[in-house]
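Take a look at the structure below.
The values are calculated or read from the model by the stated rules, or taken from the named source; none is laboratory data. All of these numbers come straight from a predicted model, not from anything done at the bench. A quick note on method: Cβ atoms are made from the backbone with ideal geometry, for glycine too, and the neighbour counts reach across all protein chains shown. For the accessible areas, the whole protein counts, side chains as well, though only heavy atoms, and no ligand, DNA or RNA atoms are used. Shrake-Rupley method; radii C 1.70, N 1.55, O 1.52, S 1.80 Å.
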Amino acid sequence: MNTVEAKLKERVKELTCLYEVTSIIVNADYDQIEATLEAIVYCLKRAWQFEEVTEVFLSVGKCTVKTDDYKPTMVCLSSKIKVFNKLEGEVVVGYPSDKYSLDDFLIEEQTLLNNVALDIGNLIERKQIRDSEALTRRQIERADRLHILGEITAGIAHELNTPLANILGFAELLAEKMTDQQAVRDLEKIMDSAIFSREIVKKLMFFACEMPQEMQRVKLIPIVTSVIKLLAPSLRDKKIKLVTTFENEDLELKADTVQLTQVMFNLIMNAIYYSPENGTITVKVLDTESHILLKIADQGDGIPTELGDKVFEPFFTTKPIGEGTGLGLSVVHGIITSHKGSIEHSKNTPKGTIFTVDFPKLN
């Protein structure tokens, strides 16, 4: 084959590769991005001059794909992959170093590789934009759902308050007049049930931000420390190690001390409940320029992805019947929201859950 024909053949291979890469990217499934990158890798392998010995390696973000016989010792061409102008990986094409050198690569092949790296960067950018939009949409939907639930909950709580007060009041009056001990015991059961129901109503009103607050400047670390001391018996029972990290002992918030204590108690108690015996719980208080971050991490089984958006809804619980009302995290969410803060959860490594509470700093 003469030189003109050889060059023409190589140009055809390069153009075919660009066309195929474009088609792969256009039809990419963003939920199966690794499969898309693998298709690009094998498309590149066919585009090189000595395709029978060509091997390709591609790494971007947390994803790495390569052809079967790729080795880092090969003689290679490479091109960096940038995502939003930030270096995120590279794509490498190599020949066996014992038979080939850099002189065996064509100038046009480097140009092709640069174009493919640019296309991959654009693909990852579009994926990140889509993922960000999906996350924002889910957060808005959850906020709307919680807002509606808050309004419904507030209405239910107000409607229940009066009849519960009547039940408790009249039961107490009857108990004072009764001489039959069995009847007195029955009335005590009625009063206990009414008191229990009243506590649930109180939690519902916390969730709906209907409880009056006494906001004042308070130091955060002493509150966290006192809650940890209060829960020491529960930690000992499960042989759980609790590790604390406090960046600034003097951090202050504008908060209701009782409600803030309830937040700490619920989050740490939740971590204890879901932690295995001999596990570790980490409590961190981090000081940033404009925010105070509280992170509570456990080593439990974690929150299944499909339940992630439900954990702050009232009456939702994964605990067995009788072990939880499903109001703990919803109350926490309501209190933190009323303090102009936010709460979110993420996966712990290697397993478990991290709850992150973000409070604005005092001006």
Pair K347, R11: separation of 7 Å Cα→Cβ label points (nm) = 4.9 nm
Inter-probe distance in nm under a simple model that places probes 7 Å from Cα toward Cβ, at E289 and S193 = 5.8 nm
Would you work out which of L112, G300, Q182 lies farthest towards the positive end of the dipole of the chain, given +1 charges on the beta-carbon of Lys and Arg and -1 on that of Asp and Glu, about the Cα centre?
-> Q182
Centroid-to-centroid separation of the range 1-73 and the range 252-302 [C-alpha atoms, Å] = 48 Å
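Using the Cα centre of the chain as the reference point, and only Cβ charges (+1 on K/R, -1 on D/E), how large is the resulting charge dipole? Debye, rounded to the nearest 20. Don't jump to the answer; show the numbers that get you there.
Working: 42 positive and 54 negative charges, 144 e Å.
Using Cβ point charges on Lys, Arg, Asp and Glu, the chain gives about 700 debye.
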Tell me the label-point distance for the pair Y42, A134, using the 7 Å Cα-to-Cβ offset, in nm and rounded to one decimal.
-> 2.4 nm
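If you take the beta carbon distance between D237 and D301 as r and set R0 to 25 Å, what does 1/(1 + (r/R0)^6) give as a FRET efficiency, to the nearest 0.05? Could the numbers behind the result be given before it?
Working: r = 19 Å, r/R0 = 0.77.
That gives a FRET efficiency of 0.85.
What accessible area per residue, rounded to a whole number of Å², is obtained for the chain using a probe radius of 1.4 Å? Write down the numbers at each step before the final one.
Values: 20890 Å² over 363 residues.
In whole numbers, the chain has 58 Å² accessible per residue.
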Going down the table (K7/K71; K62/K361; K82/K127), which pairs top 25 Å between alpha carbons?
-> K7/K71; K62/K361
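Not counting the cut sites, what is the longest span of the chain without GluC sites (Glu not before Pro) that DSSP labels loop and that have at most 12 other Cβ atoms within 10 Å?
On the way: sites that count: E51, E52, E214, E249, E277, E289, E323.
Answer - 53-213.
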Roughly speaking, to the nearest percent, how much of the range 33-78's 1.4 Å accessible area is carbon and sulfur?
-> 50 percent
Per-residue HN-Hα couplings for the range 264-272 [Karplus 6.51, -1.76, 1.60; θ = phi - 60°; Hz; x = Gly/Pro] | 4, 4, 4, 5, 6, 4, 4, 4, 5
For the range 233-308, what proportion of DSSP beta bridges, expressed in % and rounded to the nearest 5, is antiparallel?
-> 50 percent
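For the chain, which semi-axes, largest first and in whole Å, follow from the square roots of 5 times the eigenvalues of its Cα gyration tensor? Please report the intermediate quantities before stating the final value.
Numbers: eigenvalues 776, 92, 73 Å².
Rounded to whole Å, the semi-axes are 62, 21, 19.
When the dipole is taken about the Cα centre of the range 1-119, and only Lys, Arg (+1) and Asp, Glu (-1) are charged at their Cβ, what size is it in debye, to the nearest 20? Present the calculation step by step, with values, prior to reporting the outcome.
Values: 13 positive and 21 negative charges, 56 e Å.
My answer is approximately 280 debye.
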